[in-house]
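Just so it is clear, none of the values below were taken in a lab; they were calculated from the coordinates. Just so you know, these numbers come straight off a predicted model, no measurement behind them. A quick note on method: Cβ atoms are made from the backbone with ideal geometry, for glycine too, and the neighbour counts reach across all protein chains shown.
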Amino acid sequence: MSVLFLLTSPEPVIEGTDAVFQEVAALKEAVGGEAVNLCPRKRPGEPFPPQLFGFQKLPRLWQAEKRCQINHLYFSVPYLFPVLRFLKNPVVFTIAASLAGRSPPAHIECLNALRRLVVSNERDAAVLRSWGMTNYAVVPPAIDAPELAPQALPLGREITLLMASAPWVEEQFDTKGVDVLLEAVARDPSIKLILLWRGLLLDELKARIIKLGVGNRVEVVPGRVDIGDYLKRAHATVLLPKRSDIVKAYPHSLIEALLAGKPVILTDALPMADYVRQTECGIVTGNVDAVSFLEAVEGLRRRYGTLAQNARAIEPDEFSTAAMVEKYRDIYRI
């Protein structure tokens, strides 16, 4: 079985920092195939209608389809790209983000006719069922992070938080909760923040840090790094998206934190919040504002020993890449 993987977002500025590209690379290595990026944008936010994605590469897609037996498309939300009508092989469509709060998409009958729609969790599967969709499968999230191992870090007067999901476009300073994090650091001098940045909007970030006067407590790390080196120095990892469609349903940075034995703080917009509640390995907040976040940090302080212990108890097999590959093999063979 050879698979043609279809990507739909710009290449990351720093190679190896995008979770979807990492997943596709792991699958391609395991099952064989090729990858073609349908997105003509060089940078996030550049104007180009998604209705035209892929048409600029149709000859290449037709040639690749001759060498592959199935197409595997990744996109953040369910959307029927018009270019799919010009492809012959069956299509598996992985929905990378979450469906919470979304209305049923157009052309449901056409989406329901694809080989499979794939989500990573039961919350999104329930949304698909409510739309009357039946051709879906749940493939739990996975990550290849063998170098991560639980490491305890005593919590004293100061708490160090890590965020490793940087904005693609400037509006995401708001929608990913970066502005709220910086405001919280300005309000509470006991909070230190490490930001792993992806090479975009660095000047805009520095301007915000200077304006709030928090440069001595916010460490900005641009470029590709080993996240494990920074998880060792952090008490917890945080991600505060206001919307469910701008990050993966199970963000890699939060999974990596748990595999390193570190609790997480996240918003209920993410389906991963259900897992965090069930395993009691972090704090879930319903609102994205500085007051609510500081309350979440206080909750983390009060229960840190228990939450960290529960995070350290999570087995790496819960997020096994090998298990993900086998589930996709079954879908490809259907």
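Out of every Cα pair in segment 195-255, what percent are spaced more than 18 Å from each other?
Tail of the P(r) past 18 Å holds 48 percent of the pairs.
Show me 199-210, 264-275, 168-179 ranked by packing, highest mean number of other Cβ atoms within 10 Å first. Working shown, then result.
On the way: 199-210: 14.8, 264-275: 23.9, 168-179: 18.7.
So the order, starting with the most tightly packed, is 264-275, 168-179, 199-210.
Distance from the Cα centre of segment 313-334 to that of segment 1-25, in angstrom?
Spelled out, the Cα-based centre of one part sits 18 Å from the other.
How do E34, E46 line up, fewest other C-beta atoms within 10 Å first? Please report the intermediate quantities before stating the final value.
Working: E34 17, E46 11.
Listing E34, E46 from fewest to most nearby Cβ atoms yields E46, E34.
For R67, what charge total do you get from the other residues with a beta carbon under 14 Å from its beta carbon, if Lys and Arg give +1 and Asp and Glu give -1? Walk me through the numbers before you get to the answer.
Details: positive: K28, R60, K66, K88; negative: E34, E65.
It works out to a net charge of +2.
Please list, in order along segment 96-107, the HN-Hα scalar couplings obtained from phi with the Karplus expression 6.51 cos²θ - 1.76 cosθ + 1.60 (θ = phi - 60°), rounded to whole Hz, x for Gly and Pro.
7, 8, 10, 9, 4, x, 8, 7, x, x, 5, 6
Near A290, within a Cβ-to-Cβ distance under 11 Å, what is the net charge of the other residues, with Lys and Arg +1 and Asp and Glu -1?
Details: positive: R187; negative: D179, E183, D188, D289, E295.
Charge balance in the 11 Å sphere: -4.
Near the amide H of G282, under 5 Å away, which other amide H atoms are found, from residues 5 or more places off or on another chain, if H is placed in the peptide plane?
V264
What is the log10 of I(q)/I(0) for segment 159-316, computed with the Debye formula using one identical point scatterer on each Cα and no solvent, at q = 0.08, 0.12, 0.16 Å⁻¹?
Once normalised to I(0) and log-transformed, intensities are -0.19, -0.45, -0.83.
Quickly estimate the mean residue ellipticity at 222 nm for the chain, helices only: each DSSP H run with n ≥ 4 gives -39500 (n - 2.57), and the total goes over all residues, rounded to 500. List each step's numbers first, then the result.
On the way: 13 runs with 117 residues, N = 334.
Calculated at 222 nm, the ellipticity per residue is -10000 deg cm²/dmol.
Multiply the residue gap between T279 and A113 by 0.36 nm, knock off their C-alpha separation, and tell me the result in nm, one decimal place. Show your work: numbers first, answer last.
On the way: separation 166, 0.36 × 166 = 59.76 nm, distance 3.60 nm.
Net length gain for the segment: 56.2 nm.
Using a 10 Å cut-off on Cβ atoms, rank the peptides 315-322, 142-149, 157-164, 243-250 from the highest mean neighbour count down. Mind showing how you got there, number by number?
Working: 315-322: 14.4, 142-149: 16.4, 157-164: 18.9, 243-250: 21.8.
Result, highest mean Cβ count within 10 Å first: 243-250, 157-164, 142-149, 315-322.
Check cross-link reach from K66 to the lysines: straight Cα distance under 21 Å, and skip same-chain residues fewer than eight apart.
K28, K57, K88
Sort the following peptides by mean Cβ neighbour count (other Cβ atoms within 10 Å, averaged over residues), highest first: 86-92, 257-263. Don't skip to the answer; put the middle values down first.
Details: 86-92: 16.6, 257-263: 25.4.
By packing density, highest mean first, the sequence is 257-263, 86-92.
Quick one: which residues, 5 or more positions from V118 or on another chain, have an amide H under 5 Å from its amide H? H modelled 1.01 Å from N in the peptide plane, none for Pro or chain starts.
Those qualifying (amide H under 5 Å, at least 5 residues apart or on another chain) are F93, T94, I95, A137.
Indicate the gyration tensor shape class of segment 3-139 (rounded, prolate or oblate), computed on the Cα atoms with a ≥ b ≥ c the square roots of the eigenvalues: a/c under 1.5 is rounded; otherwise a/b larger than b/c is prolate and the rest oblate. If you can, show how the numbers build up before the last one.
Details: a/c = 1.38, a/b = 1.29, b/c = 1.07.
It comes out rounded by the Cα gyration axes.
I need the phi-derived Karplus couplings for segment 171-184: 6.51 cos²θ - 1.76 cosθ + 1.60, θ = phi - 60°, integer Hz, Gly and Pro marked x.
Residue by residue, segment 171-184 yields 4, 6, 4, 7, 6, 9, x, 5, 4, 5, 4, 5, 5, 5 Hz.
First measure r as the distance between the Cβ atoms of T134 and R67, then evaluate 1/(1 + (r/R0)^6) with R0 = 45 Å and state the FRET efficiency to the nearest 0.05.
0.90
In nm, give the distance between the simple-model label positions of R41 and V77, each being 7 Å from the Cα along the Cα-to-Cβ direction.
Between R41 and V77, the simple spin-label model gives 1.3 nm.
Which number comes out as Rg/Rh for the chain once both Rg and the Kirkwood Rh are worked out on C-alpha atoms?
Details: Rg = 20.1 Å, Rh = 20.7 Å.
Radius of gyration relative to Kirkwood radius: 0.97.
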